[in-house]
Amino acid sequence: MQFHRHRRLRRNQAIRSMLKENHVHVEDFIYPIFVVEGENKKEEIASMPGVYHFSLDRLNEEVDELVSLGIVSIMIFGVPHDKDECGSSADDAHGIVQKAISQVKENFPSLYVMADTCLCQYTSHGHCGVVEDGEIINDASLERLAATAVSQAKAGADMIAPSNMMDGFVAAIRKGLDEAGFEDVPILSYAVKYASGFYGPFRDAVHSTPQFGDRRTYQMDPANAREALREAASDIAEGADLLMVKPGLAYLDIIHRVYQEFNLPVVAYNVSGEYAMVKAAAINGWIDEKKVVLETLTSFKRAGAELILTYHAKDFAKWLKEGSI
Ligand SMILES: [Zn+2]
């Protein structure tokens with residue numbers, strides 16, 4: 001009887017290691033960090049065990065640990081005190097995010113620092129753009145976003161990561177950065193961002209739950225795949241340097257299609273809800289956390305992601321270092 005013996009290539013660890021198609025490296029990670037106003041704060045986010053809010057005076061100890069684990073990149077998210085209708089503190093040179101960026105760059109110059117650029121943490125209504133008469137106004141939001149991006153670049157951000165999903169945001173931010181002399185600062189566009197239920201814990205973390213309506217007029221319908229390619233194509237035309245797909249796990253097909261269709265590096269955002277589910281199951285002893293995290297992160301690489309924004313980064317880096325994974 002003729003058949004192929006696939007199991008020949010799985011007989012022992014050596015051959016399995018030799019033939020492994022995809023690997024997860026510590027350099028693949030972007031680790032999200034949440035900074036808050038105040039002093040001596042390191043407070044765990046209830047729905048995200050192992051993830052903390054840090055005040056600036058406690059930030060260095062965390063970053064120091066990340067650097068010693070070999071993590072090369074972080075994304076900074078801020079939780080400001082002041083919120084108003086148009087998110088006017090988003091581009092404050094002395095805002096919490098700007099201060100965190102300059103502090104980290106000053107103390108850890110070789111760490112690659114990305115800034116999340118959006119208005120929802122700064123607006124009283126929690127939407128990602130300027131609101132008038134209950135509507136999210138596209139073009140008025142662009143100016144605010146460009147100003148925010150420029151202020152983050154001035155603070156020392158190595159890369160700008162706009163996440164707001166207004167139309168034209170990449171063009172507006174590119175123009176703003178170029179005019180301010182930051183033509184070498186790349187843009188990681190959240191090109192494909194779905195209106196997802198997986199963001200719940202993150203919104204707890206940055207207190208950005210919309211106070212009215214939802215985000216479905218600017219974030220995408222989870223049912224759509226071809227629309228993702230249109231979103232990505234227009235961001236590339238506007239000057240995006242990298243493309244993000246968010247969330248990650250329920251959208252591996254989208255990561256793969258964006259990877260196949262375009263030449264730009266693709267970034268997967270392994271979002272808060274995905275993290276929270278794994279953590280909750282692990283804490284209950286229902287899954288083997290290390291195995292599940294490795295499998296999850298590998299799935300992003302297999303789908304085509306170059307980089308992974310993930311809350312698991314720190315744990316995973318530790319496991320790699322101690323050789324337990
Ligand atoms: Zn937002």
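Projected onto planes of every orientation and averaged, the convex hull of the alpha-carbon atoms in the chain covers 18.8 nm². In this structure, the pairs whose alpha-carbon distance is over 22 Å, taken from 42/279; 105/154; 154/246; 290/318, are 154/246.
Give the range of the longest stretch in the chain that excludes all chymotrypsin sites (Phe, Trp or Tyr not before Pro) found in loop regions by DSSP and having at most 16 other beta-carbon atoms within 10 Å. The partial results should precede the final answer.
Details: sites that count: 3, 212, 286.
Here the longest run is 4-211.
Applying 1/(1 + (r/R0)^6) with R0 = 41 Å to the Cβ-Cβ distance of residue 25 and residue 85 gives a FRET efficiency near 0.40. Here the stretch 38-80 and the stretch 265-308 have alpha carbon centers that stand 20 Å from each other. Comparing mean-square fluctuations of 15, 236, 254 from a GNM of the chain with C-alpha springs under 10 Å, the top value falls on 15. Springs between Cα atoms under 10 Å define the GNM used for the chain, and in it the highest mean-square fluctuation of 235, 133, 178 occurs at 133. Taking 230, 174, 215 as the candidate residues, the one with maximal mean-square fluctuation in a Gaussian network model of the chain, Cα springs under 10 Å, is 230.
Computed from the coordinates by the stated procedures, all read-outs in this text should not be read as laboratory data. Because the structure is predicted, anything quoted here is derived from the model rather than measured. Because the Cβ atoms are built from the backbone with ideal geometry, glycine has one as well, and the counts that use them run over all protein chains shown.
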